[in-house]
1. Once both axes come from the Cα atoms, what is the angle between helix 239-255 and the longest principal axis of the chain, in degrees from 0 to 90, rounded to 10?
2. Given charges of +1 on the Cβ of Lys and Arg and -1 on the Cβ of Asp and Glu, with all other atoms neutral, how large is the dipole of the chain about its Cα centre, in debye to the nearest 20?
3. Using θ = phi - 60° and the Karplus form 6.51 cos²θ - 1.76 cosθ + 1.60, what ³J(HN,Hα) does each residue of the range 295-310 get, whole Hz, x for Gly and Pro?
4. So for the range 210-366, taking the charge dipole from beta-carbon charges (+1 Lys/Arg, -1 Asp/Glu), which of Gly246, Ala342, Phe223 sits furthest toward the positive end?
5. Packing-wise, with mean Cβ within 10 Å as the measure, how do 146-159, 76-89, 98-111 rank, highest first?
6. Length gain on complete extension for the stretch Leu307 to Ser372, per 0.36 nm per residue less the alpha carbon to alpha carbon distance?
7. For the pair Thr236 and Met36, what calculated FRET efficiency results from E = 1/(1 + (r/R0)^6), where r is the Cβ-Cβ distance and R0 = 22 Å, to the nearest 0.05?
8. What FRET efficiency do you get for Gln270 and Arg215 if R0 is 35 Å and r is their Cβ-Cβ distance, rounded to the nearest 0.05?
Amino acid sequence: MIYLDHNATTPVAPAVLEAMEPFWRGHFANPSSSSMLARPIRRALGQAREECAAFLGCAPEELIFTSGGTESLNTALHSVTSQQPGRRHLIMGSTEHEAVLQPASWLEQAQGYQITRLPVDADGLWSLADLAAAIRPGETAAICLMWANNETGVLHPIPEAAAIAAAHGIPLITDAVQAAGKIPLNLRESGVSYAAFSGHKFNAPKGIGLLYMARNTAFQPWFLGGAQENRRRAGTENIAGIVGIGAAARLAGEHLTHASLATLRDCFEQQILQCIPGTHRNGHATQRVPNTTSLRFDGCHAEGLLLLLDQRGICASAGSACTTGSLHPSHVLTAMGLDPAAARSSLRFSFGLSTSQEDLERVIHALAQSVSKFRSLGTAG
Ligand code: PLP
């Protein structure tokens, strides 16, 4: 199988699995225990936090371990809203992930919040001018903007947005799930208040993530209970997952191989655009992460194309993994101005550590065949 769906999830790296293994076997003690058995566990916990902090450009105490991107984003939104009950307005991008859109809809419908959803242009970018204009002094509780879009890979100007937020004393939460490991990140310099990360997007296992909160950010925990994570996230720690995300962060920091993927991606994209008629790129040409391309194929339907590719041993996706199978066209692509049929004719290819030139040549060939088969059947709709 040629796997080109790394934005949905990545395989666990062998070195990560190796680092985790002892924590499923002999090293099983509860890190909060006073027993000698707990010492190596606590050490591993501290080391993983340091590795993650070095990778993300922050201090270890600015990070807490969570179950993933969704929990981190929900926690950050809970923290900013519960601490400022008088402020009932939120700003977010219109192309955010469901992990932001759904809690925002709940705040809107069940709690009476007002939400400004920033429009994006045809390249998938919102503007800093629109952001500045949307701020309601004294009313806006937070700004929540993704760093990299999961469907198109488009990169937003988060440090610039954070500067605007800071000038108004408003916390900026960023969904950095699709940015980690793909572009160098320095959270301390970025000026954001909160940032969310998910291990399974950069070769750690599923079910482990991180929430960054800048030093001196007032925080209201979401999970209450034990004193874990310095009372910021209760619950016995997922030690093997934590060791795994630490090892994956070290690996990603050492390699940041995704930079070399840009050449592969651009070449792949150019060949498809040139060789298969009626194809178009979705999203900005250069302002995006290096591993992602979103392409649309006139007269085709993504689900049908995916089936044909699957039969040829190729795994791509129709967009966000969370909306696969959904009857609705992608909200990201329709926000960029595509009509529903055009949005439904789009495929996302996202590369990872194992993606090779040879694989991509096979994919281009299979894609050309699948598109012409689909078009000859005339089943688009
Ligand atoms: N945000 C973005 C941009 C994502 O792509 C994802 C996962 O698909 C998430 C948040 C949710 O992360 P998790 O799967 O760790 O909950």
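Any read-out appearing in this document is the output of simple, stated calculations on the displayed coordinates, not a laboratory observation. Please read these numbers as outputs of a predicted model, since none were measured by experiment. Here Cβ is always computed from backbone atoms with ideal geometry, including for glycine, and neighbour counts include all displayed protein chains.
1. For helix 239-255, the angle is close to 60 degrees.
2. On the way: 28 positive and 31 negative charges, 122 e Å.
Taking the Cα centre of the chain as origin, the dipole is about 580 debye.
3. Ordered by residue, 3J(HN,Hα) equals 10, 10, 10, 3, x, 10, 10, 3, 4, x, 5, 4, 5, 5, 5, 4 Hz.
4. The Cα lying farthest towards the positive end belongs to Phe223.
5. Highest mean packing first, the order is 146-159, 76-89, 98-111.
6. Contour length minus Cα-Cα distance gives 22.0 nm.
7. Numbers: r = 18 Å, r/R0 = 0.84.
The formula returns an efficiency of 0.75 here.
8. That pair, Gln270 with Arg215, gives E of 0.20.
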